[in-house]
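The values are calculated or read from the model by the stated rules, or taken from the named source; none is laboratory data. Just so it is clear, the model here is predicted, and its values are computed rather than measured. FYI the Cβ positions are ideal-geometry reconstructions off the backbone, even for glycines, and counts take in every protein chain you see.
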Amino acid sequence: MRHWANRCRLGNSLVLMVLVGLALRLALIIGLGYYDLSSAESIWPYAPPQFHFGFGYETGAIAYSLATGHGFSSPFGGSTGPTAWLGPLYPAMCALVFKGFGCFTLASAIVILLINGVFSALTCIPICRIGELTMGRKVGYWSGWIWSTGVYFMVWQTQVWETAASALLISVLFLESLKLAKQTDWKQWARFGLVWGIAALTNPALLAFLPAAGLYPALKLWRRHQRWFAQAAVSAVVFAVVISPWLIRNRAVFGSWVFIRGNAPFEFHLANYHGSSGMGWFGKHPSCNRWEYAKYKQMGELAYVASKKELVIDFVKQNPREFASLCANRVVAFWTGTALDREYSRTEWIYPSLFALMLGGLIVATAWRADGSWLYFGLTFCYPITYYLVFPQPRYRHAIEPEMLLLSTYFVYLALQDLAKRFLVKKQSRVELQPALVDAD
């Protein structure tokens, strides 16, 4: 009975946390006018004239193409043919909004940003559950309320990108991996594959976490001599079934196999060249350069990307030291923001501070062998590798900031606990010394 009552209080607290978080996010969107995406203008004077920058660059362009019956195509506006520039799910969601509320309208902007706000607020739930399973209920709830009410964690929901959805998906997958380490239920493993398929079709960069997320429960079960291989195979089959329609679509429209997104070589090229800062220069991007747009349109997506692939491979082969230096810059930029362009550095001191606290929490958790510590390590090690090679932006790190917040809260919680113990010991010592001083008098 007591356990049931505790679970009810837990559920009520989570509902309140989500509702407060959603209310604050809605207030941010409406109060500061983030919904007025039509006013967003490009800083690039030679951008294609028909491009709508406010609605997530390529995201809005593809959503428009879908909503107007032209299929998943034309990521930079105009009519440039089929594309695999982005994963399909988030642009498809935006297209449904466009169908119901109009393309590039104020109403559509409000609805899309509100949906982002729902994704962001719901992330409180896996944060609390992860904290409860790994570092204790207090750490989980402190982290959940900080995520719910912290303005820093609301910023990226105000853009028409899948950033908030990515953070929610990674958190759910992290939680599922923790749960699978304690059970061999076929349905749970099948659900794991399903969620991974949804994550891959939303943001393929999240797949960098898949090896760690899959190996963690498998190794845990293997050490306890429990079944894991068949369950993992079921999960892999479900994952393949979920993503296969999109892969077949790509094969049909392009005439060759493209794995979810086909623009990785282009993104690699965008930040790796002589004189690069390593952060990516969008003056070379078809969305910001009408001459690059013309090349893209004339050559078609696959040929255009292939031409950029040749350039960047030659650069890396001929300049390995320069490439290594650029990668080092990106490592620093991903975690601290110190090398990022000024236009992206809205996070100021919080950005590197969260990394410092997270690093402290990760070291302590690993040293003390806290539950899930190696899964935290796997996430923070594997996920950023893509951006070390390509280029980082603050919104790319947001996907793992729920787990960074948990580790940071854990570190602060332990530090406060240690200070409290020291204070109590000193206070007790003073009390014990007082009688002796009286006797001496």
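Go through the stretch 114-138 residue by residue and tally those that are hydroxyl-bearing (Ser, Thr, Tyr) and either in contact with a Ser or Thr (Cβ under 7 Å, 6 or more places away or on another chain) or farther than 10 Å from Arg25 by Cα (or both).
2
So which residues in the stretch 55-72 are more than 25 Å from Asp36 (Cα to Cα) and in contact with a Ser or Thr (Cβ under 9 Å, 6 or more places away or on another chain), if there are any at all?
His70, Gly71, Phe72
How about the stretch 352-379: which of its residues are among the aromatic types (Phe, Trp, Tyr) and crowded, with 21+ Cβ neighbours inside 10 Å?
Tyr376
Please give the helices (runs of 4 or more DSSP H) falling wholly within the stretch 77-167 in which 2 or more residues are over 21 Å from Val18 (Cα atoms).
Ranges flagged: 89-101, 106-122.
Just checking, how many residues over the stretch 80-92 are without any contact (Cβ under 8 Å) to a residue 60 or more places away in the chain and either farther than 8 Å from Ala63 by Cβ or crowded, with 24+ Cβ neighbours inside 10 Å (or both)?
Of the residues in the stretch 80-92, 1 are without any contact (Cβ under 8 Å) to a residue 60 or more places away in the chain and either farther than 8 Å from Ala63 by Cβ or crowded, with 24+ Cβ neighbours inside 10 Å (or both).
Residues Arg330, Arg321: which one is of a type in the set (D, E, K, R), at pLDDT 90 or above, farther than 21 Å from Met154 by Cβ and surrounded by 15 or more Cβ atoms within 10 Å (Cβ to Cβ)?
Going through Arg330, Arg321 in turn, just one is of a type in the set (D, E, K, R), at pLDDT 90 or above, farther than 21 Å from Met154 by Cβ and surrounded by 15 or more Cβ atoms within 10 Å (Cβ to Cβ): Arg330.
Could you please find all residues in the stretch 181-206 being closer than 20 Å to Ile243 by Cβ, touching a Phe, Trp or Tyr at 6+ places or on another chain (Cβ under 8 Å) and free of Cβ contacts under 8 Å to residues at least 60 places away in the same chain?
Answer for the stretch 181-206, where residues must be closer than 20 Å to Ile243 by Cβ, touching a Phe, Trp or Tyr at 6+ places or on another chain (Cβ under 8 Å) and free of Cβ contacts under 8 Å to residues at least 60 places away in the same chain: Gly193, Leu194, Trp196, Gly197.
Looking at Thr184, Thr149, Thr163 in this structure, which one is more than 25 Å from Val238 (Cβ to Cβ), surrounded by fewer than 23 Cβ atoms within 10 Å (Cβ to Cβ) and β-branched (Val, Ile, Thr)?
None of the other options fit; the residue is Thr149.
Quick one: in the stretch 181-198, of everything that is at pLDDT 95 or above and touching a Gly at 6+ places or on another chain (Cβ under 9 Å), which residue is farthest from Thr386 (Cα to Cα)?
The residue in question is Phe192.
Does any residue in the stretch 119-133 that is in contact (Cβ under 8 Å) with a residue 60 or more places away in the chain come within less than 7 Å, Cβ to Cβ, of a residue that is outside any helix (DSSP H, G or I) and buried (at least 20 other Cβ atoms within 10 Å of the Cβ) six or more places away or on a different chain, and which pairs are these?
Leu133/Gly372
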